[in-house]
Amino acid sequence: MCTIRVAYFGSEMSDAGGAERVNFQVLTQLDRSRFEPCAILLKRPGEIGHALIRHGVPVKVIGLRKQSELLKIFRKVYSV
């Protein structure tokens, strides 16, 4: 059986938000034999993003500084 790719897409994974904590739980507790989780972040990984990495979840940081860099986002997302 092939795995299903699951991506979280957000600006960053700071430790301040409840949504980030919920997404952390989802991404780290998925059955890895069925799902392939990753996180795609626009700005920086933050504390929770670094915790995802420690739990073996790939984190791709796009490094967006200006809104005009959106084309860069689409290229990165497409490469996942």
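General observations
- The C-alpha atoms of the chain define a longest principal axis, and helix 70-79 lies at about 30 degrees to it.
- For residue 60, a cut-off of 19 angstrom between C-alpha atoms picks up these aspartates and glutamates, skipping any fewer than 8 places away in its own chain: 12, 15, 20, 36, 47, 69.
- 3J(HN,Hα) couplings calculated from phi for the range 26-39 with the Karplus curve 6.51 cos²θ - 1.76 cosθ + 1.60 (θ = phi - 60°) are, in sequence order, 5, 5, 7, 9, 5, 5, 5, 6, 10, 10, 10, x, 7, 10 Hz; Gly and Pro show x.
- With the gyration tensor restricted to C-alpha atoms of the chain, the semi-axes of the equivalent ellipsoid amount to 21, 17, 9 Å, longest first.
- Accessible surface of the chain [probe 1.4 Å, protein heavy atoms]: carbon and sulfur percent: 56
- Mean Cα-pair separation over length for the chain, i.e. relative contact order, pairs under 8 Å, 6 or more apart, %: 31
- Per-residue HN-Hα couplings for the range 60-66 [Karplus 6.51, -1.76, 1.60; θ = phi - 60°; Hz; x = Gly/Pro]: 10, 9, 7, x, 5, 10, 10
- For the chain, the 222 nm mean residue ellipticity estimated from helices alone, with every DSSP H stretch of n ≥ 4 adding -39500 (n - 2.57) and the total spread over all residues, rounds to -11500 deg cm²/dmol.
- Backbone amide hydrogens, once placed in the peptide plane, bring residue 59 within less than 5 Å of 39, excluding anything fewer than 5 places away on its chain.
The values are calculated or read from the model by the stated rules, or taken from the named source; none is laboratory data. This one's a predicted model, so the numbers in the text were calculated from it and none came from an experiment. To get the accessible areas, we keep the full protein, side chains included, count just its heavy atoms, and leave off ligands, DNA and RNA. Shrake-Rupley method; radii C 1.70, N 1.55, O 1.52, S 1.80 Å.
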